[in-house]
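Below is one structure; the comments refer to it alone.
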Amino acid sequence: MSHGPDKEYEQLRVSGLHAFYGESHILHGIDMVVHRGELVTLLGRNGAGRTTTLKAIMNMVGRRTGSIMINGEETMSCAPHHIARLGVGYCPEHRGIFSSLNVQENLTLPPVVRSGGMSLEEIYTMFPNLYERRFSQGTKLSGGEQQMLAMARILRTGANMLLLDEITEGLAPVIVETLGEVLVALKKKGLTIVLAEQNFHFAASLADRHYVLEYGQIVEEISSHELSSKRALLDHYLCV
């Protein structure tokens, strides 16, 4: 069954978010809303603050101020593991695959934090490459297979809001296309996705809305139907 975004339900609301690494002030008042079932991208050049925004939502930065509401609950004082139990799954840019474990062990290692997670059978149906490589060590996987494994691992935990950081970086076009198909399938299942992405061409066809970041601030919010009329503006911010 296909689910569209639920405009009545705010799964994430970020207000006045500032984030710091030591003395470095990285985010300067981020405001954004993501509704249940939406796919929203964070676009911007390197250093714009896309990754830091995702890490700040998970409370994985040095210090943060402001407000982050998840499912209506304020999470600024919550530890990362508590945020995960609210249904948030974070897929970092470095993927975090355990090289000494095989694919199936990597998939089953993280705890299931809430109900509704995908079974191994469902995951292998969505990622047939992982089924074929299920007994292969993490070090033996290609970059694309590692990315699929990193995404699959959080789907098993029961997460229903995915924070995905630069999932297409360095991957072959055929793998990027496959990941796009996976995101469409997950969106149809009703999952909410926040995608930090520099590959605008990949993000453009998938997202309901785009937030454009520059110097740690959101400078534009663009809906999917506004893309053609605001293309010159995007070219300016993204250098695409």
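The values are calculated or read from the model by the stated rules, or taken from the named source; none is laboratory data. Everything quoted here is computed from the prediction, not taken from an experiment. Backbone-built Cβ (ideal geometry, glycine too); neighbour counts: all protein chains shown. The area values use the complete protein model at the heavy-atom level, side chains included, leaving out ligands, DNA and RNA. Shrake-Rupley method; radii C 1.70, N 1.55, O 1.52, S 1.80 Å.
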Per residue accessible area in Å² of the chain, where ligands, DNA and RNA are left out and the probe is 1.4 Å: 45 Å²
Where the only charges are on Cβ atoms (+1 Lys, Arg; -1 Asp, Glu), what is the dipole of the chain about its Cα centre, to the nearest 20 debye? 440 debye
Separation of alpha-carbon centers, the range 156-189 and the range 60-84, rounded to whole Å: 24 Å
Amide H of Leu101 versus every other amide H placed in the peptide plane: which residues, excluding those fewer than 5 positions away on the same chain, fall under 5 Å? Gly138
Hey, what do the phi angles of the range 8-22 turn into as Karplus ³J(HN,Hα) couplings, whole Hz, using 6.51/-1.76/1.60 and θ = phi - 60°, x for Gly and Pro? 8, 10, 8, 7, 9, 9, 10, 9, x, 7, 10, 9, 9, 10, x
How large is ³J(HN,Hα), in whole Hz, for each residue of the range 47-53 in order, when computed from phi with the Karplus curve 6.51 cos²θ - 1.76 cosθ + 1.60 and θ = phi - 60°, using x for Gly and Pro? x, 6, x, 4, 5, 4, 4
Roughly how many percent of the accessible protein surface of the chain is carbon and sulfur, given a 1.4 Å probe and a whole-percent answer? 51 percent
By accessible area with a 1.4 Å probe, ligands and nucleic acids excluded, highest first: order of Leu164, Leu120: Leu120, Leu164
Residue-count net charge about Leu54 - beta-carbon cut-off 15 Å; Lys, Arg +1, Asp, Glu -1: -1
Residues meeting the amide H criterion for Tyr90 (H placed from the backbone, H to H distance under 5 Å, 5 or more places apart or on another chain) are Leu163
Please check: in the Gaussian network model of the chain (C-alpha springs, under 10 Å), which one of Arg64, Arg133, Arg36 has the largest mean-square fluctuation. Arg133
Among Val174, Val40, Val182, the residue with the largest mean-square fluctuation in a Gaussian network model of the chain built from Cα contacts under 10 Å is Val174
Given a cut-off of under 8 Å on Cα pairs at least six residues apart, what relative contact order in percent is computed for the range 112-240? 20 percent
quick note, the chain, DSSP beta bridge pairs, % antiparallel (nearest 5) is 60 percent
In sequence order, what are the phi-derived ³J(HN,Hα) couplings for the range 178-194 according to the Karplus relation 6.51 cos²θ - 1.76 cosθ + 1.60 with θ = phi - 60°, rounded to whole Hz, with x for glycine and proline? 4, 5, x, 5, 5, 4, 4, 5, 5, 5, 5, 6, x, 6, 9, 10, 10
What number comes out for the charge environment of His25, summing +1 per Lys or Arg and -1 per Asp or Glu over other residues with Cβ under 14 Å away? +1
